[in-house]
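To start, the structure under review is shown below, and the notes come after it.
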C-alpha cells in the first residue's frame, strides 16, 4: 500500500547515550519532553540553556520513583497521516485506483464515529465480550466504510460481498501493525535519552513502562520503530482487560 522504507535502528545505543549540547537545546523548536509524557515526569526535562534543569526537576524528591509510565499514542508515536487517509488509500488500491472516492476527511469522520460506537458497546477491544481484537477492529472497519458515501457504481456491493475482507486484512496487518502507519513523534527520542541518562546515572534503577489503550499489536509497532527495548514492560488495555483512566 505504501512505499517500503529501509529499516534502521533509530533508537540505537548511540542515540540513547549521546549528549546533546546546550546550543542544540536552546536552538531547538521541538519540545523535548511533552508535559503529559508521564504521571511523574510532567514538565520538560531540559529547559535551561545549560541543559541542567533536568536535575533540578527531581532534586526535591525524597526518594526516586519506582515506576514511570508513558502513554504511547500522541505522546511517543503518531500516525503518519490522518486516519481516513489510510482507509481511503487501501480501498483505492483495492480498486486499482480506478474508483472515484470522497476525500480522506470523510473517512476520518466515519472512523471516529465507528470507533466510539464499538468502544462504547465493547470496551477494551472486545476482551470481555469473547471476541478477538481482530474481530473487534473488523466491526469498526465495516462501520467506517458503511458511514462513508461510496458513489462509485457497484463498489458498495463489492465491499459487502467480498472486498471488505481483503481491505481489512491489509489495514489490520500490513498498515496499522507496522511503520507504514506509525512514526516516532518529534522530540520523543531525545526525551527518552534524557530519561535513560537520568535514571541510570543520577537516580539509580527504576522501571520505565508504557500503559496504553490499545490492543496487543502495540508490541509489534514499538518493535518496528525500534522503541521496544527502551521500556521494561508494555501493557495494553486489551491485555489487562481494563482501560486507562
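A Cα-only calculation for region 130-245 places Rg and Dmax at 18.9, 65 Å.
What length, rounded to one decimal in nm, is gained on full extension from residue 132 through to residue 232, with 0.36 nm per residue of separation minus their alpha-carbon distance? Kindly include the intermediate steps, with their values, before the conclusion.
Working: separation 100, 0.36 × 100 = 36.00 nm, distance 2.58 nm.
The span from residue 132 to residue 232 would gain 33.4 nm if fully extended.
Modelled spin labels at residue 169 and residue 97, positioned 7 Å past Cα toward Cβ, are 2.3 nm from each other.
The mean of 1/r over all distinct Cα pairs in region 63-117, once inverted, gives the Kirkwood hydrodynamic radius of 13.7 Å. Here the residues 237, 212, ranked from fewest to most Cβ neighbours within 10 Å of their Cβ, fall in the order 237, 212.
Ranked by Cβ crowding within 10 angstrom, fewest neighbours first, how are 86, 233, 172, 125 ordered? Provide the component values of the computation, followed by the final result.
On the way: 86 24, 233 11, 172 16, 125 28.
So the residues, fewest neighbours to most, are 233, 172, 86, 125.
Shape of region 81-175 from the C-alpha gyration tensor: prolate (a/c of 1.5 or more and a/b above b/c, with a ≥ b ≥ c the square roots of its eigenvalues). Ordering of 107-115, 159-167 by packing is 107-115, 159-167, highest average first (other Cβ atoms within 10 Å, averaged per residue).
Can you sort 192, 150 so the residue with the fewest Cβ neighbours within 10 Å comes first?
Values: 192 23, 150 18.
Result, fewest neighbours first: 150, 192.
Values in this text are rule-based calculations from the coordinates and carry no lab data. Predicted, not measured: the structure shown is a model, and the values here were computed from it. So basically every Cβ, Gly included, is an ideal-geometry build from the backbone, and we count neighbours across all protein chains shown.
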